[in-house]
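> Sharing a structure with you now.
The values are calculated or read from the model by the stated rules, or taken from the named source; none is laboratory data. Since this is a predicted model, take the numbers as computed values, not measurements. Ideal geometry is used to build each Cβ from the backbone, glycine not excepted, and the neighbour counts take in all protein chains shown. Ligands, DNA and RNA are excluded from the accessible area calculation, which covers all protein heavy atoms including side chains. Shrake-Rupley method; radii C 1.70, N 1.55, O 1.52, S 1.80 Å.
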Amino acid sequence: MTELTDLGVAAIRDGVQDGAFSAREVAEAFVAKVSAAKQLNAFLVETPDHAFAAADAADKARAAGEAAKPLAGVPIGMKDLFCTKGVPSTAASHILEGFTPPYESTVSQKLWDAGAGMLGKLNMDQFAMGSSNETSAFGNVISPWRRSDGGNAPLAPGGSSGGSSAAIAARLCPAATGTDTGGSIRQPAAFTGIAGIKPTYGRCSRFGIVAFASSLDQAGPMARDVRDCAIMLEAMAGFDARDATSLELDVPRWEAGLSSDLKGKRIGIPKEYRVENMPSEIDALWQRGIDWARDAGAEIVEVSLPHTKYALPAYYIIAPAEASSNLARYDGVRYGLRDLPDGANLQDMYAATRAAGFGDEVKRRIMIGTYVLSAGYYDAYFTQASKVRTLIARDFDAAWESCDLLLTPTAPSAAFALGEKSADPIAMYLNDVFTVPSSLAGLPAMSVPAGLDGHGLPLGLQVIGKALDEQGVLNAGLALEQRAGFAARPEAWW
Amino acid sequence: MVDYRIQGATGEWEVVIGLEVHAQVTSNAKLFSGASTAFGAEPNTQVSLVDAAMPGMLPVPNRECIRQAVRTGMAIDAAINKWSRFDRKNYFYADLPQGYQISQLYHPLVGEGSLDIELDEGGTKTIGVERIHVEQDAGKLMHDQHPTRSYVDLNRSGVALMEIVSRPDMRSPAEAGAYVRKLRSILRYVGSCDGNMEEGSMRADVNVSVRKPGAPFGTRTETKNVNSVRFVMQAIEHEANRQVDVLEAGGTIVQETRLYDPDSGTTRSMRSKEDAHDYRYFPDPDLLPLELDDAFLDECRASLPELPDAKRARYEGLGITPYNAGVLTAEVETARWFDALLEAGAKPVQASNWVASELFGALNRLGKGIEESPVSPSQAAELLGLVADDTLSGSLAKQVFEIMLETGDDPAKIVEERGLKQTSDTGAIEKVIAEVMAANEDKVADYRGGKDKLFGFFVGQTMKAMAGKANPQVVNELLKKALG
């Protein structure tokens with residue numbers, strides 16, 4: 001028999017329901033894996049009791065003949081950006097060290113209501129700012145993957161949801177939550193050979209998620225395959241009156257609607273995504289993806305998204321601007337870290353607390369954001385970036401005239417080594433080049449594992465859909481997934 | 001019309017005044033959270049997770065607060081913007097948990113409007129209102145709880161305010177006072193703010209500049225958080241005179257924020273323009289633009305009560321004197337009471353005189369507001385009816401009213417039980433007159449000899465003999481006849 005920890009969400013759900021194994025057995029198996037994988041540093045907090053309680057409830061309900069909840073018996077990982085009641089929630093920042101919320105985020109609550117249990121809180125880039133997990137205040141996550149050339153250089157699991165991606169790839173949990181502001185679900189998914197979807201902005205409530213950039217932040221699931229993502233997303237999505245940007249729409253039955261038949265679908269290939277210096281392997285993978293899509297019945301069309309090159313600069317104005325304001329609440333007054341030097345006044349306390357509490361990347365973005373919003377620069381930066389954002393959205397609208405979905409690489413490279421880019425913020429920011437435009441436009445987009453590079457590292461393909469067409473995105477993802485037949489997994493060294 | 005002028009050494013100066021009035025919106029819940037807004041609660045007992053800016057908490061607009069601001073805008077004939085947006089005003093302070101105030105800089109909810117003020121010298125003047133926007137209030141720092149630390153009370157944090165920004169259209173402290181009073185009256189009619197300045201429900205930032213009459217606007221200063229009509233007027237007077245002194249001494253006015261000290265009646269500098277915060281306003285990304293549909297606006301309009309100016313005109317149309325009409329409409333409670341009185345059948349002119357003299361006199365004596373009047377409008381209408389149908393004379397009515405104030409009884413009951421009904425029974429009156437004349441034969445002779453003034457004596461004696469219950473008019477007629 002395969003190990004229980006090799007099973008995905010659907011298999012665990014079905015197995016528990018059929019009585020092939022108990023939820024308790026599943027939880028115990030994953031809890032053991034988690035506690036044995038400390039080297040990866042994927043979990044900031046382990047919560048076995050939470051997982052066991054949910055498992056026992058699932059087993060009890062089954063024994064009592066009650067209808068199974070959609071995620072009954074499925075233990076998951078929770079990105080530490082989600083506030084979880086009674087469990088420390090830090091956004092991987094020193095400034096929130098020791099903070100235990102007396103409330104639950106809407107998304108995590110929905111998952112618990114669906115029967116899922118929590119294995120622990122997952123490490124991440126501090127305040128979700130980063131693409132490598134190196135900005136965590138509690139040490140970076142190490143990817144379970146290693147290059148096949150025998151080099152043992154520790155690799156980045158991607159970011160910001162790098163704890164989530166590493167944990168799933170290492171089979172520490174079958175699925176996890178992520179959040180995506182400019183690619184923070186999709187890029188780590190691509191780096192670690194798993195699937196992840198960022199739904200349409202507004203699908204998942206932001207209530208209780210520590211804010212990075214409010215107009216871009218979206219929660220989404222990360223899992224081993226497309227079906228598991230669909231199951232998770234169904235549980236996570238839905239209108240929430242406590243988030244004014246939440247969409248008041250019913251949640252589609254995405255899992256039931258899955259189909260890898262792409263007949264009648266037109267898939268656009270945006271020519272602006274053929275960026276300079278892109279590794280030929282990425283290009284080749286993209287071409288394979290195009291062939292698979294055609295094989296699945298789709299018609300391939302070349303499209304243009306002319307403002308693509310302005311997306312990254314606009315994103316790195318808008319996201320820091322919002323962050324500089326969103327992070328003002330971490331001031332040492334009410335919760336979290338307070339640094340009060342002797343004789344300090346209020347201003348001194350702010351300065352000392354924030355200097356000690358925020359990491360360098362967070363400080364960098366607060367400063368950029370403060371600058372672009374300041375009098376005299378606002379129009380040149382923030383207003384201009386907002387206009388670019390509108391143009392980017394229009395690019396997509398125009399593209400939808402000739403296609404239904406877009407297919408692109410997820411990231412311009414495979415996972416890089418830890419430390420390789422951390423000294424060069426711009427090189428790091430370039431990692432988001434393919435994921436940022438759809439974030440700015442609020443569109444659903446997902447990454448599916450599609451192959452390995454020459455070093456044996458996973459590469460991902462991205463599908464971008466029209467607003468609210470998660471089903472189309474998932475279906476195309478499924479078609480690619482089936483044809484890619486991605487079966488590689490990192491060999492355990494931890 | 002007499003212009004208000006400051007007499008300086010170099011001649012006359014004109015004062016230019018604009019007011020930004022912050023009015024707390026009447027609502028059970030805060031602007032973006034469900035927390036209560038009741039005044040006077042224990043510190044930090046009316047604070048939601050949103051108000052305390054806990055991580056991941058989000059603002060959700062309170063429909064009622066928006067509705068009240070829209071109704072207020074409609075009450076001053078202002079343009080209502082069907083599309084508006086919330087902006088963040090960023091600054092750090094311990095009473096501001098989010099590190100920003102959610103306000104509306106770029107696209108306010110309410111645009112241009114105006115209101116008319118009554119001038120002391122008679123007539124009215126129209127004062128322009130530039131805009132009304134809604135925003136969050138901050139919390140409160142308490143410095144008196146501990147020798148070395150300050151405490152924060154977040155009960156007010158997130159409470160909805162309307163900021164009502166006037167045009168610089170006022171030219172004297174009196175006009176500014178009249179503007180605040182009129183605005184307060186309108187807010188209270190509309191029910192969008194209780195206008196309670198002592199509790200901080202309404203406060204004003206006062207912009208003042210001076211110039212030689214006819215010259216361009218001078219540099220203005222802004223005096224923050226002035227919380228009574230009297231203080232507004234005092235602050236303007238002091239600030240205008242200060243500016244004149246500075247200018248005439250060869251100095252210049254710096255654009256700055258000043259504080260008003262009610263104890264000394266003076267203002268002092270708080271911070272200059274150079275120290276002013278860069279608030280880094282930008283659209284709040286947690287909130288979608290506010291879009292108002294016609295049904296919502298229709299409901300807002302339909303729910304507006306008759307407003308002070310319209311009511312005043314209506315009262316004058318009923319024959320009520322302009323003075324009485326003004327007095328009766330200034331406060332919404334008075335107007336509401338008076339309308340109920342009219343509805344209960346009282347005759348407008350008689351009723352207005354009675355309210356303005358008798359009722360106000362009595363309430364003053366008792367130290368009560370009209371809403372606490374021991375006599376209800378329907379009881380008052382009954383009393384006035386008894387006067388109108390000659391059941392009671394004026395003086396009897398006063399007696400009955402006093403008893404009503406004490407007992408709360410209906411006038412008919414009092415009249416019945418105490419026999420205070422006036423009599424027009426000519427037989428009974430004639431009998432008493434005959435007795436009075438018999439007892440005062442000398443005075444009858446004097447009267448008939450030409451001493452007309454004695455007529456009053458006979459009236460008095462007759463009324464006295466009848467314990468005040470005789471109809472004075474009948475007494476007059478019968479006496480004239482009897483005395484010949």
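> Report whether or not B:Met197 is closer than 25 Å to B:Lys311 by Cα, over 18 Å from the mean Cα position of the chain (by Cα) and surrounded by 17 or more Cβ atoms within 10 Å (Cβ to Cβ).
no
> Only residues that are part of a loop (DSSP other than H, G, I, E, B), more than 11 Å from every other protein chain (Cβ to nearest Cβ) and closer than 17 Å to A:Ser325 by Cβ: list them for the stretch B:46-104, please.
B:Arg85, B:Gln104
> Find all pairs meeting these conditions: Cβ atoms under 6 angstrom apart; at least six residues apart or on different chains; first residue within the stretch A:472-494 and farther than 14 Å from A:Ala230 by Cβ; second residue surrounded by fewer than 16 Cβ atoms within 10 Å (Cβ to Cβ).
Listed by first residue and then by second, the contacts come to A:Trp494/A:Gln39.
> For B:Pro108, are the conditions met, namely being within 13 Å of chain A (Cβ to nearest Cβ), in contact with a Ser or Thr (Cβ under 9 Å, 6 or more places away or on another chain) and crowded, with 21+ Cβ neighbours inside 10 Å?
No.
> Are any residues in the stretch B:96-124 modelled with pLDDT of 95 or more and more than 27 Å from B:Cys300 (Cα to Cα), and if so, which ones?
Scanning the stretch B:96-124 gives B:Leu96, B:Pro97, B:Gln98, B:Gly99, B:Tyr100.
> Could you identify the single residue in B:Ile164, B:Ile127, B:Ile132 that is crowded, with 21+ Cβ neighbours inside 10 Å, touching a Phe, Trp or Tyr at 6+ places or on another chain (Cβ under 6 Å), away from chain A (no Cβ under 14 Å) and not acidic (Asp, Glu)?
Just a single option satisfies the conditions, and that option is B:Ile127.
Listed here are the residues, each with its yes/no results for (1) buried (at least 19 other Cβ atoms within 10 Å of the Cβ); (2) closer than 30 Å to A:Thr200 by Cα; (3) in contact with a Leu (Cβ under 9 Å, 6 or more places away or on another chain); (4) modelled with pLDDT of 95 or more.
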| position | (1), (2), (3), (4) |
| --- | --- |
| A:Asp342 | no, no, no, no |
| A:Ala351 | no, no, no, yes |
| A:Gly369 | yes, yes, yes, yes |
| A:Ser374 | no, no, no, yes |
| A:Tyr377 | no, no, no, yes |
| A:Gln384 | no, yes, no, yes |
| A:Thr408 | yes, yes, yes, yes |
| A:Thr435 | yes, yes, no, yes |
| A:Leu440 | yes, yes, yes, yes |
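> Then there is this: Looking at the stretch B:83-97, can you tell me whether even one residue there is among the hydrophobic types (A, V, I, L, M, F, W, C), crowded, with 22+ Cβ neighbours inside 10 Å and touching a helix residue (DSSP H, G or I) at 6+ places or on another chain (Cβ under 7 Å)?
No, the stretch B:83-97 has no match at all.
> Can you pull out the residues in the stretch A:260-291 that are in contact (Cβ under 8 Å) with a residue 60 or more places away in the chain, part of a helix (DSSP H, G or I) and either open to solvent by 70 Å² or more (accessible area, probe 1.4 Å) or of a type in the set (Ser, Thr, Tyr) (or both)?
A:Tyr273, A:Glu281, A:Arg288
> Take the conditions of a type in the set (A, V, I, L, M, F, W, C), surrounded by fewer than 19 Cβ atoms within 10 Å (Cβ to Cβ) and at pLDDT below 95 and apply them to B:Met142. Does it pass?
yes
> Taking helices (runs of 4 or more DSSP H) that fall entirely within the stretch A:317-404, which contain at least 1 residues that are without any contact (Cβ under 8 Å) to a residue 60 or more places away in the chain, more than 12 Å from every other protein chain (Cβ to nearest Cβ) and under 30 Å from A:Phe138 (Cβ atoms)?
Filter on the stretch A:317-404 gives A:346-357, A:360-373.
> Kindly evaluate B:Glu222 against the criterion of being in contact with a Lys or Arg (Cβ under 9 Å, 6 or more places away or on another chain) and within 19 Å of B:Tyr179 (Cα to Cα).
yes
> A follow-up question, please. Kindly check whether there is at least one residue in the stretch B:282-299 that is over 30 Å from B:Ile76 (Cα atoms), among the hydrophobic types (A, V, I, L, M, F, W, C) and within 14 Å of another protein chain (Cβ to nearest Cβ).
no
> Is there a residue in the stretch A:413-431 that is closer than 16 Å to A:Ala190 by Cα and among the β-branched types (Val, Ile, Thr)?
No.
Residue-by-condition table, conditions (1) part of a strand (DSSP E or B); (2) modelled with pLDDT of 95 or more; (3) over 15 Å from the mean Cα position of the chain (by Cα); (4) away from chain B (no Cβ under 11 Å):
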| position | (1), (2), (3), (4) |
| --- | --- |
| A:Gly202 | no, yes, yes, no |
| A:Ala211 | no, yes, no, no |
| A:Pro221 | yes, yes, no, yes |
| A:Ala244 | no, yes, yes, no |
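> How many residues, within the stretch A:1-36, are buried (at least 19 other Cβ atoms within 10 Å of the Cβ), basic (Lys, Arg) and within 11 Å of A:Gly73 (Cβ to Cβ)?
1
Residues checked against (1) more than 14 Å from chain A (Cβ to nearest Cβ); (2) open to solvent by 50 Å² or more (accessible area, probe 1.4 Å); (3) out of contact with any Ser or Thr (no Cβ under 7 Å at 6 or more places or on another chain); (4) not polar (S, T, N, Q):
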site	(1), (2), (3), (4)
B:Met270	yes, yes, no, yes
B:Leu304	yes, no, yes, yes
B:Ala313	yes, yes, yes, yes
B:Gly317	yes, yes, yes, yes
B:Ala330	yes, yes, no, yes
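> Given (1) buried (at least 17 other Cβ atoms within 10 Å of the Cβ); (2) in contact with a strand residue (DSSP E or B) (Cβ under 9 Å, 6 or more places away or on another chain), identify the lone condition not met by A:Glu299.
(1)
> To continue, here is another question. May I ask you to verify whether A:Asp404 is acidic (Asp, Glu), open to solvent by 10 Å² or more (accessible area, probe 1.4 Å), over 16 Å from the mean Cα position of the chain (by Cα) and closer than 18 Å to A:Glu276 by Cβ?
no
> Can A:Gly151 be described as under 14 Å from the mean Cα position of the chain (by Cα), assigned to a loop (DSSP other than H, G, I, E, B), farther than 30 Å from B:Gln98 by Cα and away from chain B (no Cβ under 14 Å)?
Spelling it out, it is not the case that A:Gly151 is under 14 Å from the mean Cα position of the chain (by Cα), assigned to a loop (DSSP other than H, G, I, E, B), farther than 30 Å from B:Gln98 by Cα and away from chain B (no Cβ under 14 Å).
> Further, regarding this structure: Which residue out of A:Ala137, A:Ala169 is in contact (Cβ under 8 Å) with a residue 24 or more places away in the chain and open to solvent by less than 10 Å² (accessible area, probe 1.4 Å)?
Testing whether each residue is in contact (Cβ under 8 Å) with a residue 24 or more places away in the chain and open to solvent by less than 10 Å² (accessible area, probe 1.4 Å) leaves just A:Ala169.
> Follow-up. Over 22 Å from the mean Cα position of the chain (by Cα) and charged (D, E, K, R): is that true of B:Lys140 in this structure?
yes
> Next question. Can you say whether A:Glu248 is of a type in the set (Asp, Glu) and closer than 23 Å to A:Phe434 by Cβ, as far as the supplied structure shows?
In short, no.
> Restricting attention to the stretch B:263-277, does a residue exist that is under 30 Å from A:Ser214 (Cα atoms) and in contact (Cβ under 8 Å) with a residue 60 or more places away in the chain?
Yes; the residues of the stretch B:263-277 include at least one that is under 30 Å from A:Ser214 (Cα atoms) and in contact (Cβ under 8 Å) with a residue 60 or more places away in the chain.
> Answer with yes or no whether B:Val210 is β-branched (Val, Ile, Thr), assigned to a loop (DSSP other than H, G, I, E, B) and either within 31 Å of the chain's Cα centre (by Cα) or surrounded by fewer than 14 Cβ atoms within 10 Å (Cβ to Cβ) (or both).
no
> Which members of the stretch B:29-45 meet the condition of being within 12 Å of another protein chain (Cβ to nearest Cβ) and in contact with a Ser or Thr (Cβ under 8 Å, 6 or more places away or on another chain)?
Those that are within 12 Å of another protein chain (Cβ to nearest Cβ) and in contact with a Ser or Thr (Cβ under 8 Å, 6 or more places away or on another chain): B:Ser33, B:Gly34.
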